[in-house]
Amino acid sequence: MSIELAIALSVGAGLFGVGLYGALSQTNLVMILMGVELILAAALVNLVAFWRYLHPDVMAGQMFVLIVMTVMAVEMAVGFGIAIVRFRSRGSVEMEEARELKG
Amino acid sequence: MNALSGARQAMPGGLRGLVARAMAADLRAFVVPGLDIARAGGLDPAGAGLRLADTPRHANVLLIAGPLPPDLLKAACVVWAQMPRPRAILALGADNIAPLPAPDAIGALSQDGLAEGVATLRKAFAIGAFARNVTHFDAPALAARIEYTCPMHPEVISDEPGKCPICGMFLVEREVSGAAPAGDGDHKDHHGQGAHEHGKSAPAQAAQSDHSPHAAHGDAAVYTCPMHPEVTSDSPGSCPKCGMDLVPQDEGDAQSGHAGHSGHGGHEGHDDAQDIPGIEPHFMSMVELTEGKPASPDGLIMEWIEVPFGPFFPGLPGGLGLILTLDGDSVAEARLHGAKPIPLPSGCPVAELPERLAAAFPLTHVAMRALAHRAIAAVGGGAAAPDAAALERERIASHLNWLAGFARQMGLVRLERQGAALQRVLVGAAAADIAAAAPGLRRFLDRVRRTPLLRSKLEGLGGLTGAKGGPVARAAGTAADARAKDQAYDGLDFTPIAGGNGDALARLMQRFAEIGQSLDLIARAGTIASSRPSSPPPSTPPPRAGHGMATVETARGPATLHLTLSDGTVERAHLTTPFEDLAPLATDMVRQMELADALISIGALDLDPRRLAA
Amino acid sequence: MSVSIGQSLFLIFFGAAAVWFGVVVFRTHSMVRSAIALLFSQTAVGAMFLVMQAEFLGVLQIMMMASEMSVMAIFMVMFMMDPGGLGAMDMTHQKRLSLWAGGIGLTFALAVIWLTGWGPAAQAAPAAAEQTAALGRELLGRSMFVFESAGLTILTAMVAATMVAIAPTEEHGR
Amino acid sequence: MSIFAILLGLAFGGWLMAALEGWAVHGRFSLVRPLASALALLGREAVVTRKSDRLFFETAPILLLVAGLLAAAVIPLAPGLIVADLATGALFLNAALAYVLVALIMAGWGPDGAYAMIGGWRFLGQFIGYSMLIVMPITAVAMRAQSLSTTQIVTSQAALWNVAYQPLGFALFVVAAMALAWLPPFDLPSGTGDLAGGIEAEYTGPRLAVLRLARMVVVLALAGAVSTFYLGGWLGPWLPGWAWSGGKTLAVAALMLTLGRHIPRMREARFLEFCWKAGVPLALVNIFLVGVIALVVPI
């Protein structure tokens, strides 16, 4: 077992924990997006670690990282689009005040 | 060993001596009241070895060009306090600059005076940039006190830190200019003063302190506007924004407090919060915070900030007070106020009037002098000597002066230098010299017209119609020109130039066309009657009593003087300048414009904020 | 072996920085600081990539996040209505639940990481230049379809977000 | 060794740049003046505004300097005379320069001044415009070199410099570089008439000195990038390699410093329009053309 892999994965776990806490605890849409970004960063760390310490010769691992980065960008773009619309219509991006979005 | 008035506290000598010499070689001036005034006075700071600073923070020389009225002196105090030490004052043609410290160098308001002053300053810097004991600078204009307010509820104002009674948030401190109880101003050296709520701007403090009279600050009630809770004052009065009478703070507080509770009432306890299940007891509703706040045309509600541009803003005419309320990067509201009117002391002898008027309007002193002569002549029923050529020469110089400032505003430094150089050549030139310079000037204007991207930048910007006179009106197609009815122009074959759609580009082109026209007029007039200090004195002794009126088309538009004389002195003088016509139009013009565009549009108006008290 | 220890130390250092900045994001009261903290957290993640010899990805991460988080910062300023974060207002809810969720997620992940046998670690990664070239071949060869879909997705997202965000004009109202 | 040589080169270049900028702005060329200015700035009081975000205020100039230095680290002066010859050098340059934006936003937010803040956010708007025009021309350059390494990009131009091979990319990149270094006419964040110094408005004394130095380093790094990517870096007859790349860098920097003084300042909205309606399509055309040429005529 590789100690570096475990360290990198632990960092990923830490980022995931912090991100999860943030995404759940924050009431502001932008802050929630920040939490999601941290969770995705955790995924990135894990992907790179798996690639480097398990299959450094298979480039598909790196490709996945690029896909996750794309997802991050898309998430930001769509999230901000929604934020602008909500802010324009309701004057708020607080999730507490988004009752009509609840099921 | 003489220290500078704004020396820095340190042991002089050694390495600092070298630094001091470097400072002496690197003088950076912040010009007060403005570069336009300096240029009109024939100054060329760059030619004298000074570099110009955009902000007081980058300057080490405060260059005072000409006498300052009291309100600008107050603003200059704030500028002085913002300049980092070591700093020095160079006063040209200004005798009394208290409460600023005594100048480190003085001189006449001329290029020679400037050059001498700079030489003196260099020596003073090399010797006294650092001193063991420095004098602290304090002036009433710098007085400020700290008050605490809730970020969400601006109507909550307290003298002590604590929590907001409405929402329970911690209060934030902010600095207010105005009455200062002793002991509040102990922050180091007053440099931080500039960070007035939103920032540096010196001018802000001076301008805003006008709104909050300096009442002694004690337990006195705080007054606020019912519509603009951010307006607070220590004494009753009217709101500078809407003119409503201010109400005592308690009243306003109770009102908004009530509104707050009827709105949601989530602050008192868990019971009230039941309408939103699961909501936290101290949750702050953003819907409520933003409710009722004005939204921009794009539907977004943004924090509005009020930013002062002036009276010493580098891109605008000196002395012009412009306060923009910014909504993101667009202008939500604009307030434009001229300089405080300069009182003309009653009982001023008639013979002194022309010079006094000329001194009050340094940008158009020739026209003002002519105006006074004509009005005096009109009282006696006669006519003043023809002075068209002198007026036209001033028009050319004034337009070039404006062009230099406008170029600076747009970042065209080369154009600024060339415009200023031509202005210096023309400002006092004889007719023959002007004729010699004319072809070069016309070529220069043609070149400017072809500046890449200039047309596309200015086209459609700041369209303004409805001005009554002056180049601004003529650029919008109104052929209003006082010269058409002016006897002085009889026989000079004058027809007003008018046309264009009234945008900034049209104004530029209009002024260029007028420069060309003025060159023709000077050529036709043949000679320029005389240069400073005055147009030819009236042949008859001045009248002693009566009423007279005269109009002169200055470079900025028609100026009209109503004059009532009695017993050889001026009893009443009422002057209307183009500023009164343009200022209200300008504030409408910039509404909802992008900030940079708004500043360019106002710059293109060529406003002269100076006024005469009635 | 010394390389391996150096690598571990750097991983711990940048990893700790990433997690610490991540915590700062939700602890600071200034919204711009919060966005910048997230930026530095992501930059530290990028630095970890560099440590793990994924040079292209690391540099890409460092570059992309600088711009992404700066945009984030301006949105924070626009939508938080909290001037400078000076009001110390509480913008959280269900704190206990979130703490538990985060904590349990963390513990579970850590347990899995340290209890799983990951098998032998690969000792050497290809050199950076080869890696970049190989990645290019992968993207434009075997994984072209995935790559193109990602590109298309991002384009769609851009267009959609812009469409959603632009102000409704008169025509739409009619 | 090469680190010191390059730092020395940067210091020398920064000094020349400051002299050139003095000439462009004030109309006088003096080699002594920048030294005097720098010394004078060090002797002046360093003012901190009230209620500033002290951390941002202090960090911003240093971050800007670090970003500039990191960007300069991947510019080769001559074969072997490079601080870090990364396999992803061209991308790394980009990454380092992205932090110019972060530094300016921090400098704008830090001092709690309206002019500075507007300047900082304006630069963000400008960034949305220029960022694509930095990346896409570099893509075309890397396509020809078949590598992201800066040294290989230089050697790929042995037969024909990229300025002739892809002039469109060159023009776009220079414009974007000027916008990145907020040089006129793209000096919105610090415009005189607009914002009275903008992001620089609240900086005084040594901090201002660092800020100005950092900007000069950024300009030099960008000029170095232009010379590396388009002007063949150290390639050239007779003279040693470092003289060629140094001379080219200085020439490009001089061009960038003076070019915009004849054009009125461009608003970020207009710049965005130009970038996305004209710049990005042109950059795509450039990439396409380079691809076609690379496939058809191997030079």
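Are there any helices (runs of 4 or more DSSP H) wholly within segment B:349-447 with 1 or more residues that are farther than 28 Å from D:Leu257 by Cα and in contact with a strand residue (DSSP E or B) (Cβ under 6 Å, 6 or more places away or on another chain), and if so which? Don't jump to the end; show me each part of the working.
Working: elements: B:353-360, B:365-379, B:388-410, B:413-426.
Here the list reads B:353-360, B:365-379.
In segment B:458-484, which residue that is assigned to a helix (DSSP H, G or I) and in contact (Cβ under 8 Å) with a residue 60 or more places away in the chain is farthest from B:Ala550 (Cα to Cα)? Write out each step before concluding.
Within segment B:458-484, the subset assigned to a helix (DSSP H, G or I) is B:458, B:470-475, B:482-484.
Next, from what is left, pick out any that are in contact (Cβ under 8 Å) with a residue 60 or more places away in the chain: B:458, B:470-473, B:482-483.
On the way: B:Leu458: 35, B:Gly470: 16, B:Pro471: 20, B:Val472: 21, B:Ala473: 20, B:Ala482: 10, B:Arg483: 12 Å.
My answer is B:Leu458.
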- Which residue pairs have Cβ atoms under 7 Å apart, sit 6 or more places apart or on different chains, and have a first residue in segment C:113-127 that is modelled with pLDDT of 80 or more and a second that is not in a loop (DSSP other than H, G, I, E, B)? C:Ile113/A:Ala6; C:Ile113/A:Leu9; C:Ile113/A:Ser10; C:Ile113/A:Ala13; C:Trp114/A:Ala6; C:Pro126/C:Ala134
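Mind listing just one residue for me: the one in segment D:34-47 that is in contact with a Gly (Cβ under 9 Å, 6 or more places away or on another chain) and more than 7 Å from chain B (Cβ to nearest Cβ) and, of those, farthest from D:Val219 (Cα to Cα)? Let's see the steps before the verdict.
Going residue by residue through segment D:34-47, those that are in contact with a Gly (Cβ under 9 Å, 6 or more places away or on another chain) are D:34, D:37, D:41-47.
Checking the rest, the ones that are also more than 7 Å from chain B (Cβ to nearest Cβ) come to D:34, D:41, D:46.
Numbers: D:Pro34: 16, D:Leu41: 21, D:Ala46: 25 Å.
In this case the residue turns out to be D:Ala46.
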- Under 6 Å between Cβ atoms, at least 6 apart or on separate chains: pull out the pairs that start in segment A:9-27 with a residue that is over 10 Å from C:Leu110 (Cβ atoms) and end on any residue that is outside any helix (DSSP H, G or I) and open to solvent by less than 10 Å² (accessible area, probe 1.4 Å). A:Thr27/A:Glu94
- What helices (runs of 4 or more DSSP H) completely inside segment B:499-614 contain at least 1 residues that are more than 25 Å from the chain's Cα centre (by Cα) and at pLDDT below 85? B:504-525
- Restrict the check to segment D:173-196 and report whether at least one residue is open to solvent by 10 Å² or more (accessible area, probe 1.4 Å) and more than 14 Å from chain B (Cβ to nearest Cβ). yes
- Message: Let me spell it out: the conditions are (1) more than 14 Å from every other protein chain (Cβ to nearest Cβ); (2) open to solvent by less than 60 Å² (accessible area, probe 1.4 Å); (3) under 17 Å from B:Ser518 (Cβ atoms), and B:Ala506 meets all of them except one. Which number is the exception?
- Response: (3)
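So in segment D:103-112, with the set limited to residues that are in a helix (DSSP H, G or I) and either touching a residue at least 24 places away in the same chain (Cβ under 8 Å) or open to solvent by 10 Å² or more (accessible area, probe 1.4 Å) (or both), which one is nearest to the other protein chains (Cβ to nearest Cβ)? Steps first, please.
So the first thing to find is which residues in segment D:103-112 are in a helix (DSSP H, G or I), and the list is D:103-109.
Remaining after also requiring either touching a residue at least 24 places away in the same chain (Cβ under 8 Å) or open to solvent by 10 Å² or more (accessible area, probe 1.4 Å) (or both): D:103-104, D:106-109.
Values: D:Ala103: 10, D:Leu104: 9, D:Met106: 7, D:Ala107: 12, D:Gly108: 10, D:Trp109: 5 Å.
The residue in question is D:Trp109.
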- Message: Every residue in segment D:236-281 that is under 24 Å from D:Phe4 (Cβ atoms) and buried (at least 17 other Cβ atoms within 10 Å of the Cβ), please.
- Response: D:Gly241, D:Trp242, D:Trp244, D:Ser245, D:Gly246, D:Lys248, D:Thr249, D:Leu250, D:Val252, D:Ala253
- Task: Identify the single condition in (1) at the interface with chain A (Cβ under 9 Å from one of its Cβ atoms); (2) at pLDDT 85 or above that C:Phe26 does not satisfy, given that it satisfies every other one.
- Result: (2)
- Which of the residues that make up segment B:310-363 are within 14 Å of another protein chain (Cβ to nearest Cβ), more than 17 Å from the chain's Cα centre (by Cα) and on the phi > 0 side of the Ramachandran plot? B:Gly328
- In segment C:113-135, what residues are outside any loop (DSSP other than H, G, I, E, B), open to solvent by less than 60 Å² (accessible area, probe 1.4 Å) and within 9 Å of chain A (Cβ to nearest Cβ)? C:Ile113, C:Gln131, C:Ala134, C:Leu135
- Residue hits (segment A:5-18; at the interface with chain C (Cβ under 7 Å from one of its Cβ atoms) and within 16 Å of the chain's Cα centre (by Cα)) are A:Leu9, A:Val11, A:Ala13, A:Gly14, A:Leu15, A:Phe16, A:Gly17, A:Val18
- Collect the residues in segment A:22-58 that are under 19 Å from C:Met48 (Cβ atoms) and either open to solvent by 20 Å² or more (accessible area, probe 1.4 Å) or outside any helix (DSSP H, G or I) (or both), keeping them in residue-number order. A:Ile39, A:Leu40, A:Ala43, A:Asn46, A:Leu47, A:Phe50, A:Leu54, A:His55, A:Pro56
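Identify, from the list D:Ile62, D:Ile75, the residue that is touching a residue at least 60 places away in the same chain (Cβ under 8 Å) and in a loop (DSSP other than H, G, I, E, B).
Numbers: D:Ile62 fails: in a loop (DSSP other than H, G, I, E, B).
Selected residue: D:Ile75, the only one of D:Ile62, D:Ile75 that is touching a residue at least 60 places away in the same chain (Cβ under 8 Å) and in a loop (DSSP other than H, G, I, E, B).
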- Message: Take the residues in segment B:448-457 that are assigned to a loop (DSSP other than H, G, I, E, B) and within 10 Å of chain D (Cβ to nearest Cβ); name whichever of them is surrounded by the fewest Cβ atoms within 10 Å (Cβ to Cβ).
- Response: B:Pro452
- Message: Suppose the filter is at the interface with another protein chain (Cβ under 10 Å from one of its Cβ atoms) and surrounded by 21 or more Cβ atoms within 10 Å (Cβ to Cβ); does D:Tyr115 pass it?
- Response: yes
- Considering segment C:29-71, residues that are outside any helix (DSSP H, G or I) and more than 9 Å from chain A (Cβ to nearest Cβ), and then whichever is least open to solvent (accessible area, probe 1.4 Å), we arrive at C:Ser30
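On the basis of being within 10 Å of chain A (Cβ to nearest Cβ), in contact with a Phe, Trp or Tyr (Cβ under 6 Å, 6 or more places away or on another chain) and not charged (D, E, K, R), does C:Leu9 make the cut? Give the steps one after another, and end with the answer.
Details: within 10 Å of chain A (Cβ to nearest Cβ): yes; in contact with a Phe, Trp or Tyr (Cβ under 6 Å, 6 or more places away or on another chain): no; not charged (D, E, K, R): yes.
In short, no.
Can D:Val100 be described as open to solvent by less than 10 Å² (accessible area, probe 1.4 Å), modelled with pLDDT of 90 or more, under 27 Å from B:Asp54 (Cα atoms) and away from chain B (no Cβ under 14 Å)? Before you say what the answer is, go through the steps one by one.
Working: open to solvent by less than 10 Å² (accessible area, probe 1.4 Å): yes; modelled with pLDDT of 90 or more: yes; under 27 Å from B:Asp54 (Cα atoms): yes; away from chain B (no Cβ under 14 Å): yes.
So D:Val100 passes the test.
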- Residue ID - surrounded by the most Cβ atoms within 10 Å (Cβ to Cβ), chosen from residues in segment B:551-598 that are touching a residue at least 12 places away in the same chain (Cβ under 8 Å) and of a type in the set (Asp, Glu): B:Glu553
- Message: Here are the criteria: (1) among the polar types (S, T, N, Q); (2) surrounded by 23 or more Cβ atoms within 10 Å (Cβ to Cβ); (3) free of Cβ contacts under 8 Å to residues at least 40 places away in the same chain. Tell me which single one D:Gln146 does not satisfy.
- Response: (2)
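The values are calculated or read from the model by the stated rules, or taken from the named source; none is laboratory data. Predicted, not measured: the structure shown is a model, and the values here were computed from it. All Cβ positions, glycine included, derive from the backbone under ideal geometry; neighbour counts span all protein chains shown. Only protein heavy atoms, including side chains, enter the accessible area calculation; ligands, DNA and RNA are left aside. Shrake-Rupley method; radii C 1.70, N 1.55, O 1.52, S 1.80 Å.
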